[in-house]
Every structure is written in structure tokens, then in C-alpha cells.
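The values are calculated or read from the model by the stated rules, or taken from the named source; none is laboratory data. Since this is a predicted model, take the numbers as computed values, not measurements. Reconstructed Cβ throughout: ideal geometry from the backbone, glycine too, with neighbour counts over all protein chains shown.
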Amino acid sequence: MSVLIKGARLYGEGDPVDVLVADGLISAIGAVEAPEGAEVIEAAGQALLPGFVDLHTHLREPGREDAETIETGSAAAALGGYTAVFAMANTDPVADNAVVVEHVWRRGRETGLVDVHPVGAVTVGLAGEKLAELGTMAKSVAGVRMFSDDGHCVSDPLLMRRALEYSTALNAVVAQHAEEPRLTIGAQAHEGETASRLGYAGWPASAEESIVARDCILAKHAGAKLHVCHVSTAGTVDVLRWAKDRGTEVSAEVTPHHLLLTDERLATYDPVNKVNPPLRTGGDAARLRAALAEGVIDCVATDHAPHPVQDKDTEWAVAKPGMLGLQTALSVVTETMVRTGLLDWRGVARVLSERPAEIAGLPDQGRPLVTGEPANLVLVDPDAEWTVRGVELASLAANTPYEGMRLPGVVTLTLLRGRITAREGKIE
Ligand SMILES: NC(=O)N[C@@H](CC(=O)O)C(=O)O
Ligand SMILES: [Zn+2]
Ligand SMILES: [Zn+2]
């Protein structure tokens, strides 16, 4: 089966070209005649980019299939332009052993819409007490190369140090949910003016920054690779800059919601805005956008966190933190980074595809758009806009903070190894 994409602009640059995809690879670029039986897509000058890679997704299977399944989450990913996602370990049972990670990996393969890479837990049951069997998960069929207790911080420095040391032998990266738990007891909202006014217990920036600083020091001494999940404060940007300047192998992600939304949204008391780490100030968001443009923050990761209505449509304090992200990420990046002139489309390819693929060590994702490379591709209409409706998203849950918002940047086609997975907002 072959697909001919006619008149696409590679990385949104230069004159439109035709891209022929056959046998899972990019087989020709230029002015190409459609081979017999090829599926022809009229791109009309849209931007062709390498398929997106999400280092931080919650697919909820096993255990909370009422919120999301590997199948529905994979559909949301394909529709959002993703060709690979990393499924976090905070499932039930926890992905802290080979059986669970192999299950997730296999269900991803069977679904076939996106490469689902399970993240292994750092500690048994995410309890922060003893290390999980990192080596067994790494050697399993799932080939785990990223470990995280996300949802919880590996706050014990001795355990974190050991995890970093072991990970070097496994050529793996440890992704930390940076939150000093002693500083966030009962915390509900970013510690600042809004939280004071609304009467919420504050969630200080220092809870994040102190762990990021500590982990950078631990990683440098261990010669290990550290990845910082969902960076949310300006102070964390300063710590990352310092650590990178002194040669620490640290990478970092920012979520779309921390680029666009601020704690001013909390005035409505709507728990759709409750997320961990919390929405911060406009000043923080501006610094995160600048750091992403500059490369101090390496990439965008969604932290796609589906929750069913009974966990979200409650009073603020008992609502679960987290929001949907897979189908809106490209649009939020277009709004905050492209429309502002901070990134061009080549830059978007870097932060949504190339850097995350490098950080996770995926050899077949985030590759250059040249002949012979795997056809993991996404076609984006940069000028089109759409209105977000939670119920229309492919996820089982509908907890999008962008409800009713009109956003730019529409994914029109996604290809996984040359096969169309999503087209014009529909799964193939
Ligand atoms: N981000 C969130 O608010 N929630 C995540 C956990 C996490 O990423 O810390 C979840 O699993 O729901
Ligand atoms: Zn987290
Ligand atoms: Zn998360």
C-alpha cells in the first residue's frame, strides 16, 4: 500500500513538494507521479512534520477503564498527530513489573494506532519505599527505557540516587514528578495571590524547584539521565539552565496547559482547572514559553490525564487533578508558540517530535523528512481553526480545560509506519 501526499510544505517551509510513502518508509520526495493504486492526499500547502512523540500520557488501563483505555487513548493520540506515546505507570495494578508493562505494550500493538511505550514505576506500587525491578522491565518485551513514579515524587534522596545509578546500566532515563511532599500537604492551588483570595492552601514553587535542584545534583554525580516532568515555574527554568550549563544530562518537558493557562482561571472554582503541578502565574507561563523557545526546556509533553465526571465534577478539594491533552496539544502550541513568533514549524517539530524521541531513545521516531526514513508523519493545517468540545474528543473522559475555545492548528492526517491512522478528525 502506498500513499502520495501532494503539495505539502516540509516543516512548513519552502515550495510545496510531493511525498510518496511506500512499505512504511518515505520512498520519494519531489514532483512524484502517483503509482498505480496509491492513495492520493491533496495537502494544498499544509505543513508536513515528523509524527509527534508524547513522553507523558496517562492511558488508565489497567484499572480505570472508565476514564480511558489503551484503545481510546490511542485514538486521541492519533487524532492529535502522535505516532508514539509513553504511558505512565500509575495504573491499577501499577506498572512496576514485567507482566503489567508487557500487557500495556501488547494492547498498544494490537490497537495499532500509535506506538505505546509503557513507563515503568521507579518504586514498588509507587510507594516510594523500595526500588521496582527496573532491569526485568527493561529486558521485557516492552523494552522499558523510561522509569517514573509520576503522580508521586521519588522524594527519598537515597532511593532516587539508586534509581539514577541503576538506570545508567540500563541506558534508561528517570522521569521525576518534582514535588517535595512535605511542602505540599493539603495544597490546592499555586501559592500566591489567587490562592489567598479564594482561600485555598498554597502550593509553593519551592516544592518543585528544590527537588529539581536536588535531582540535578544527584544525576550529575551518578552520570545519569534525568528528565523533569511538567515544569511549571520560572525558578525551575533557572535551575535547569544552571544544571545544563554545568553539563548535567537533564532534559525537561512543559505541558500545553502550563504554557497557556494561569491560576486566574481558578476564580470560577471549576475543578477542570485543577492539575498537578497547579496552574501558575502569567509571569511563570511567559518564562516557560521563552525557555521552550530557547531549548532550556526541551519539549512539550501533554500529561494527558483523563478523569470521569464523578472524579472531576465535585467540590474543588476532592476533585482529582489532571486534564486532557492529546488532541489539543498541537493547537495550544500553535497558539502560544507559533502565533507569538517564538517558534517556527521546524521548532514545533523539535519540541513535539525530535527532542522527545531523542530523550526516550526511540530510533524510528522524530526522524528527518528525507527518503528512506520511517513514515511516521503528521500533516498540519496551520491556518485552520477549530472549537474544542470535550464530548467530541476521542477520550472516554471529557475533562478539557479548553472547552468552547477556538484554537488554531488542525491535524489533518497522521501516518504510523506509512499507514494512515487518522484523517480529517476521524480514525481510519
Ligand atoms: N497531572 C495530574 O494532575 N494528574 C496526573 C498525575 C501527574 O501527572 O502527576 C494523573 O495521573 O491524573
Ligand atoms: Zn506528575
Ligand atoms: Zn502525569
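Table for the structure above
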{"item": "Scan of segment 273-297 for residues that are within 16 Å of ligand 1 (Cβ to nearest atom) and surrounded by fewer than 21 Cβ atoms within 10 Å (Cβ to Cβ), ordered by number", "result": "ASN276"}
{"item": "Out of ARG367, ARG355, ARG339, sole residue that is under 15 Å from the mean Cα position of the chain (by Cα) and touching a residue at least 60 places away in the same chain (Cβ under 8 Å)", "result": "ARG355"}
{"item": "Any hit, segment 99-119, residues being within 16 Å of ligand 3 (Cβ to nearest atom), without any contact (Cβ under 8 Å) to a residue 40 or more places away in the chain and under 22 Å from ASP156 (Cα atoms)", "result": "no"}
{"item": "Failed item, numbered, when ALA397 is tested on (1) among the hydrophobic types (A, V, I, L, M, F, W, C); (2) free of Cβ contacts under 8 Å to residues at least 60 places away in the same chain; (3) assigned to a loop (DSSP other than H, G, I, E, B)", "result": "(2)"}
{"item": "Flag if HIS227 is at negative phi and out of contact with any helix residue (DSSP H, G or I) (no Cβ under 7 Å at 6 or more places or on another chain)", "result": "no"}
{"item": "Selection from segment 158-174 of residues that are in contact (Cβ under 8 Å) with a residue 40 or more places away in the chain and out of contact with any Phe, Trp or Tyr (no Cβ under 7 Å at 6 or more places or on another chain)", "result": "MET160, ARG161, LEU164, GLU165, THR168, ASN171, VAL173"}
{"item": "Meets criteria (β-branched (Val, Ile, Thr), away from ligand 1 (no atom under 16 Å from the Cβ) and in a helix (DSSP H, G or I)) for THR340", "result": "no"}
{"item": "Candidates ASP263, ASP303, ASP270, filtered to the one that is more than 16 Å from ligand 2 (Cβ to nearest atom), in the same structural domain as GLU68 (by TED's automatic domain parsing) and touching a His at 6+ places or on another chain (Cβ under 7 Å)", "result": "ASP263"}
{"item": "Identity of the residue in segment 120-149, within 16 Å of ligand 1 (Cβ to nearest atom) and in a loop (DSSP other than H, G, I, E, B), that ends up surrounded by the fewest Cβ atoms within 10 Å (Cβ to Cβ)", "result": "ALA127"}
{"item": "Selected residue (criterion: nearest to ALA319 (Cα to Cα)) from residues of segment 259-273 that are among the hydrophobic types (A, V, I, L, M, F, W, C) and under 21 Å from the mean Cα position of the chain (by Cα)", "result": "VAL272"}
{"item": "Residues satisfying the stated conditions in segment 287-297, i.e. away from ligand 2 (no atom under 16 Å from the Cβ) and either out of contact with any Leu (no Cβ under 8 Å at 6 or more places or on another chain) or assigned to a helix (DSSP H, G or I) (or both)", "result": "ARG287, ARG289, ALA290, ALA291, LEU292, ALA293, GLU294, GLY295"}
{"item": "Residue among HIS152, HIS117 that alone is assigned to a strand (DSSP E or B) and either in contact with a helix residue (DSSP H, G or I) (Cβ under 7 Å, 6 or more places away or on another chain) or in the same structural domain as THR236 (by TED's automatic domain parsing) (or both)", "result": "HIS117"}
{"item": "Residues that are assigned to a loop (DSSP other than H, G, I, E, B), in contact with a Phe, Trp or Tyr (Cβ under 7 Å, 6 or more places away or on another chain) and not hydroxyl-bearing (Ser, Thr, Tyr), drawn from segment 179-202", "result": "ALA187, GLN188, GLU191"}
{"item": "Every pair of residues 6+ apart whose Cβ atoms lie under 6 Å, when the first sits in segment 69-90 and is under 20 Å from LEU415 (Cβ atoms) while the second is surrounded by 24 or more Cβ atoms within 10 Å (Cβ to Cβ) and of a type in the set (D, E, K, R)", "result": "TYR82/ASP54; VAL85/ASP54"}
{"item": "Considering residues of segment 50-77 that are away from ligand 3 (no atom under 15 Å from the Cβ), surrounded by 24 or more Cβ atoms within 10 Å (Cβ to Cβ) and farther than 14 Å from LEU324 by Cα only, the residue nearest to the chain's Cα centre (by Cα)", "result": "VAL53"}
{"item": "Members of segment 298-336 found to be more than 10 Å from ligand 1 (Cβ to nearest atom), under 13 Å from the mean Cα position of the chain (by Cα) and not in a loop (DSSP other than H, G, I, E, B), listed by number", "result": "CYS299, VAL300, ALA329, LEU330, VAL332, VAL333"}
{"item": "Residue check, LEU415 crowded, with 18+ Cβ neighbours inside 10 Å and within 23 Å of LEU59 (Cβ to Cβ)", "result": "yes"}
{"item": "Strands (runs of 3 or more DSSP E) contained entirely in segment 1-113, each with at least 1 residues that are within 30 Å of THR136 (Cα to Cα) and more than 16 Å from ligand 1 (Cβ to nearest atom)", "result": "52-57, 82-87"}
{"item": "Any chance SER331 is at pLDDT 95 or above and either closer than 30 Å to LEU4 by Cβ or surrounded by fewer than 23 Cβ atoms within 10 Å (Cβ to Cβ) (or both)", "result": "yes"}
{"item": "Residue within segment 211-229 that is assigned to a loop (DSSP other than H, G, I, E, B), within 16 Å of ligand 3 (Cβ to nearest atom) and under 29 Å from ALA169 (Cα atoms) present", "result": "yes"}
{"item": "Residue check for PRO278: in a loop (DSSP other than H, G, I, E, B) and within 22 Å of ILE185 (Cα to Cα)", "result": "yes"}
